[in-house]
Amino acid sequence: MNMIDWLRSRNWSNIVLWSIYLALLGVLLPHTAWAFAQFEPVQWTWLGWIAAIAFEGAIAAFTWKLKQNIERTPRHKSHWLRFRRRYLNIYSLGLLVAIGVSSLANWAHSVEFGQTFAVFGTYSIHPLAYTIAFGAILPACSLLFARILADIQDNEAEVNTDLLEARQTIRELRTELTTTRQQLTRTEDAARFMLELQAEDKARRILAAAHQWPQLSQAILAQIVNVSPGYVSQVLKSSDEEAES
């Protein structure tokens with residue numbers, strides 16, 4: 001595949017959305033690091049960055065896993081069952097926990113460093129609206145992006161019920177065909193054995209009986225084929241010598 005074909009095969013809308021989403025997490029990262037650093041000694045403030053990277057990275061990771069879970073979940077006639085299998089799982093729980101921590105961190109940052117806007121005084125808007133709009137709302141936007149990214153393949157993941165039933169029917173027909181072929185093979189083998197057992201050539205009858213019932217003694221084989229035990233021994237010995245040569 002050349003470069004042009006490779007570029008055409010990429011899902012660019014998906015790539016752009018993921019780039020925007022990761023950029024948003026990057027914007028939240030310093031605020032989250034600041035919040036975690038408030039609980040550490042001055043010489044350990046670098047731990048705040050590690051914690052922030054872990055939590056913001058967890059948001060991206062859980063979003064990815066939730067998206068994969070949605071893609072793997074087939075369409076169900078029950079909307080509640082489809083919703084439960086797609087969203088009520090450990091990935092959604094982890095995403096909500098990580099986003100909750102990030103939201104608190106960014107809200108605390110906006111309260112700590114936020115400045116008064118003239119528009120709030122002019123229109124008597126409570127400062128809480130400011131801190132929520134420019135602090136805690138950023139991780140909420142992250143949750144929105146998670147939902148959008150998870151929905152990119154949503155329609156493709158919803159396999160048509162008729163198609164599922166058709167595939168099931170095909171699998172059942174293939175199984176039935178395989179069983180029929182096996183039965184025909186066994187029938188052909190049985191018919192071939194009966195012909196060999198009734199052949200005029202006594203040696204053929206002996207070899208057929210010995211192949212069908214290898215556990216029987218030569219004396220019993222002689223009675224089945226109606227020949228002497230010595231002749232059975234002679235025929236089997238000659239057959240073994242031919243096989244070895």
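Rule-based calculations on the coordinates, nothing more; no lab input. All figures in this text were calculated on a predicted structure; none of them were measured in a lab. Positions of Cβ are backbone-derived with ideal geometry, glycine not excepted, and every protein chain shown enters the neighbour counts.
Between Asn14, Asn226, Asn106, the GNM of the chain built on Cα springs shorter than 10 angstrom shows Asn226 fluctuating the most.
Of the chymotrypsin sites (Phe, Trp or Tyr not before Pro) in region 30-83, the ones in a loop by DSSP (not H, G, I, E or B) with at most 15 other beta carbons within 10 Å are Phe39. Region 222-245 and region 28-69 have Cα centres separated by 83 Å. The charge dipole of the chain, taken about its Cα centre with unit charges on the Cβ atoms of Lys, Arg (+1), Asp and Glu (-1) only, comes to about 640 debye.
Taking packing as the residue-averaged number of other Cβ atoms within 10 angstrom, the listed peptides 202-209, 228-235, 118-125 run from highest to lowest as 202-209, 228-235, 118-125. Helix-only arithmetic for the chain: the sum of -39500 (n - 2.57) across DSSP H runs with n ≥ 4, divided by the residue total, places the mean residue ellipticity at 222 nm at -26000 deg cm²/dmol. A simple charge model with +1 on the Cβ of Lys and Arg, -1 on the Cβ of Asp and Glu and nothing else charged puts the dipole of region 169-209 at about 100 debye relative to its Cα centre. Any idea what angle helix 229-244 forms with the longest principal axis of the chain, computed on alpha-carbon atoms, 0 to 90 degrees, nearest 10? In the chain, helix 229-244 runs at an angle near 50 degrees to the longest axis.
In the set (1) 1.00; (2) 1.19; (3) 2.12, the label that goes with Cα Rg over 2.2 N^0.38 Å computed for this structure is (3). With respect to the chain, whose longest principal axis is taken over its alpha-carbon atoms, helix 137-151 is tilted by about 20°.
Note the angle between two axes, namely the Cα long axis of helix 12-37 and the longest principal axis of the Cα atoms of the chain, as a number of degrees from 0 to 90, rounded to the nearest 10. Value to nearest ten degrees: 60. Between the residues Phe120, Gln198, Trp44, the greatest Cα displacement towards the positive end of the dipole of the chain, with unit charges on the Cβ of Lys, Arg, Asp and Glu, is found for Phe120.
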